[in-house]
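What follows is a set of notes on a single structure, which appears directly below.
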Amino acid sequence: MATVDDLCPAFAPFFGLAGAASAMIMSALGAAYGTAKAGIGIAGVGTFKPEIMMKCLIPVVMAGIVAVYGLVVAVLIANDLNPANPYSLFAGFVHLGAGLSCGFAGLAAGYAIGAVGDAGVRAYLFQPRMFVGMVLILIFAEVLGLYGLIVSLILNTKAKSTCS
């Protein structure tokens, strides 16, 4: 029979905090990489055709959305953490899994958006018909981060902090 100390040890909130931190940090890293990589391509395009700059900002906006996914998950996990309430080890591991799934998916999505955005805006410079294809591929890359957000939300609903 498990005791209360076994179900809700003092270190259990560490895993929840690690999940919140990993969701935010890795999603922000993915968004930063995607923004920087796509920004390099946009800077190159802007020197040749400044009139297409606004259309070329789509990858940067999409990369920024990835960080919002991590922010949402981190806030949801942080809302379950309260020193006045018991916090179970199960909830800590579930929150860690939720944070890692969102964080790694955001990192992968940001990397994909950056690579596609850089190549896509450069291709759009020479062939305007490439715009639709670039946007479609960017949507598929963004969906990777959305999948991580959905899994994190489902996991977050399963986290129960009962210690009895």
All but one of (1) open to solvent by 20 Å² or more (accessible area, probe 1.4 Å); (2) within 25 Å of Thr162 (Cα to Cα); (3) assigned to a helix (DSSP H, G or I) hold for Ala112, so report the exception by its number.
(2)
Criterion: over 17 Å from the mean Cα position of the chain (by Cα) and assigned to a helix (DSSP H, G or I) - qualifying residue of Val135, Val143, Val151
Val135
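The values are calculated or read from the model by the stated rules, or taken from the named source; none is laboratory data. For clarity, every value in this text was computed on a predicted model and none was experimentally measured. These accessible areas exclude ligands, DNA and RNA; they are computed on the full protein's heavy atoms, side chains included. Shrake-Rupley method; radii C 1.70, N 1.55, O 1.52, S 1.80 Å.
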